[in-house]
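Presented below is the structure to which this report refers.
We did not get these values from a lab; they are worked out from the coordinates using the rules stated. From a predicted model like this one, the values you see are computed outputs, not experimental measurements. Ideal geometry is used to build each Cβ from the backbone, glycine not excepted, and the neighbour counts take in all protein chains shown.
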Amino acid sequence: MKTVLTAALLSATVTGAAWAEPVAWELDPSHSQIVFTYNHLGYSTGTGMFSGFEGDIMFDQENPENSSVEVSFPVRSMLTGWEARFEHFMSDDFFGAGDESDEMVTFASTAIAQTGEDTAEITGDLTLNGVTKKVVLDATLNQVSEHPMEGEPWAGFDASTTLLRSDYNVGMFAPYVSDEVEVRISIEAMQADGQDS
């Protein structure tokens, strides 16, 4: 979750750029997804997704520790592919997020450690169901280049982590429905208007 997510990886792995101060990047909501999976009673793998979210990134090549990313989106933007399951997840068994709920999921990066030429561990604070916990994302830089259709600087990343539902007080039916939830994040980011690379 937010993934997410990207500024820390940018600061650790992008080469060949000449930014001398923090540069603003924006997530591309049409090509950014968070997919989560869990085991259902040993019979199947359940899947859900968050998509269409936005986020703000500041990237500082010379001082990577100054880079940051913040992402937030409504918990009710969850997609499950089955309305009854979505409503159950929003019920008091899990999130307690009724029709009028404005509950948000948020992620804010706090640290970064480069693990390879194009990989990094991104540490951040994930707030879910009113609980904030530190999470670590295993992230990979896929590509940084000029977008072939938009003609603008563009970047793409993948990341993954494992969360425990019980850490966020949504552990109903564990361990029969797995407490562990595998999270995969894939995002694109565009350099913000008016920023020079």
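Applying a 10 Å radius around every beta-carbon, put 145-153, 35-43, 73-81, 183-191 in order of their mean neighbour count, most first.
183-191, 73-81, 35-43, 145-153
Please list, in chain and number order, the residues 5+ apart from Glu152 or on another chain whose amide H is under 5 Å from its amide H, with Hs placed from the backbone.
Placed amide hydrogens put His147 under 5 Å from Glu152.
If you average the C-alpha positions of the stretch 136-192 and of the stretch 98-123 separately, how far apart do those two centres end up, in angstrom?
8 Å
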